[in-house]
Amino acid sequence: MNILLVIPLYNHAATVRRVAEGILAVHPRLLVVDDGSTDGGADVLAGLPVAIVRHPHNRGKGAAIMTAAAEARRLGMTHMVTIDADGQHAPEDVRLFLPEIEAHPEAIIVGCRNFATDNVPGSSRFGRKFSNFWLRLQTGKSLGDTQSGYRAYPLMVLEQLRLSQQHYSFEVEVLVKGAWAGVELREVPISVYYPPAGERVSHFGAFRDNFRLTLLNTGLTMRSVAPWPHRKIIADRRSGEKVSVLRPLRSIRTLLTENSSPAQLAAAAALGVFLGALPLLALHTVTILFAAGFLRLNKVVAVSVSQLCMPPLVPALCIEIGYFLRKGEFLTEFNLQTLGHQGLERLWEWLLGSLLLGPLLALLVGVLIYGAALGVQEAIRAGR
């Protein structure tokens, strides 16, 4: 592996030399991208064996990282590790990334900051949890610190992803689109230093950058539930067979040879049935996709099995149960009055009935899927 350390720099002249010296003490190859600094910027690095690329004006952290990627490729590198210029990260922690890069050369590796330290801003704690939530919702993947700037990137990944963000939002976009493209997301524990509030220098704009992140997360969330597949850049090692409800056993076999256990398939099916039974008019598929993604369950299974709850049978049963719970008798007249003018009452009864019938159906379908998956799994192991 040819690994380049990269410092994206913007108006951190007071700290960047200390960071650079720390990096050079543990790794010989260092590039600084001066993103239009107005405080002297990379000039303070005079005399150090550091490669420097300058932007004539400030373009954003994401743009600086992509400039570094292009320069790293020109220098014959395969990977780069980015570290912030503000002194927050310990340069010696780069040693934690090197074995991970060696073992997982196609993965994006994020340094997970230890927040059990002094002076950690409340906004940073909240922002990290908030960003972690959106990554899991949009990709089904979990990381402990999606906002950390201490990261290892394979250059191949940065070159092949279709990235649009140029500012801090870049670091969210690259994780989400990387996960969609089949890139593994990994993390290593790192230390962190926050100076007292009066000494802290941050260029994160509370309104401007949060607004950019809001727009980005809105777009990514909408794309995450769109019906067309994501473009893969990491070779898909799956069987290649399509999943179809018309061939349940063959589909289960395909899913088991991919990345799902019998228990995971059963849980996905149960989730699909339970949510499919609820009166989520015109929102069933979107809700199931969100829930399955967040719980890291198979979306195809959840959505496919939810079709068992399509009208009229399951909704009618739920309404009957709900009507009985309300009035102690079953609904026997179906006309414009009962289904039209009293439509809101039927929706309320549908909800009541689904909360009773949904879990029972989910349990039944989950058990059946689990049993079938176990049988198929044994057949696979036996070589049949």
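The values are calculated or read from the model by the stated rules, or taken from the named source; none is laboratory data. Since we're looking at a predicted model, the values are computed, not measured. Ideal geometry is used to build each Cβ from the backbone, glycine not excepted, and the neighbour counts take in all protein chains shown.
One table, with the values for the structure above:
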item: Matching option when the condition is of a type in the set (Ser, Thr, Tyr) and at pLDDT below 95, among THR82, THR117; result: THR117
item: Filtered residue count, segment 62-86, keeping only those that are of a type in the set (Asp, Glu), in contact with a His (Cβ under 9 Å, 6 or more places away or on another chain) and more than 23 Å from VAL188 (Cα to Cα); result: 0
item: Test result for ALA72, small (Gly, Ala, Ser), crowded, with 18+ Cβ neighbours inside 10 Å and over 30 Å from the mean Cα position of the chain (by Cα); result: no
item: Qualifying residue in segment 93-103 (condition: surrounded by 14 or more Cβ atoms within 10 Å (Cβ to Cβ), touching a Gly at 6+ places or on another chain (Cβ under 7 Å) and closer than 30 Å to PRO121 by Cβ); result: yes
item: Those residues of segment 275-286 which are crowded, with 24+ Cβ neighbours inside 10 Å and closer than 15 Å to ALA316 by Cα, in sequence order; result: GLY276, ALA277
item: Residue within segment 152-167 that is in contact with a helix residue (DSSP H, G or I) (Cβ under 9 Å, 6 or more places away or on another chain) and of a type in the set (Lys, Arg) present; result: yes
item: Close pairs (9 angstrom Cβ cut-off, 6 or more residues apart or separate chains): in a loop (DSSP other than H, G, I, E, B) in segment 51-76, among the β-branched types (Val, Ile, Thr) and at pLDDT below 95 anywhere; result: ASN58/THR38
item: Residue within segment 361-369 that is surrounded by 12 or more Cβ atoms within 10 Å (Cβ to Cβ), of a type outside the set (Lys, Arg) and more than 21 Å from ALA263 (Cα to Cα) present; result: no
item: Segment 133-164, residues that are part of a strand (DSSP E or B) and within 14 Å of ALA70 (Cβ to Cβ); result: TYR153
item: Qualifying residue in segment 31-49 (condition: hydrophobic (A, V, I, L, M, F, W, C), part of a loop (DSSP other than H, G, I, E, B) and either in the same structural domain as SER202 (by TED's automatic domain parsing) or under 24 Å from the mean Cα position of the chain (by Cα) (or both)); result: yes
item: Hits in segment 10-48 (condition: within 22 Å of ARG74 (Cα to Cα), in contact with a helix residue (DSSP H, G or I) (Cβ under 7 Å, 6 or more places away or on another chain) and surrounded by fewer than 19 Cβ atoms within 10 Å (Cβ to Cβ)); result: HIS27, LEU48
item: Residue in segment 374-384 that is free of Cβ contacts under 8 Å to residues at least 24 places away in the same chain, under 30 Å from SER261 (Cα atoms) and not in a helix (DSSP H, G or I) present; result: yes
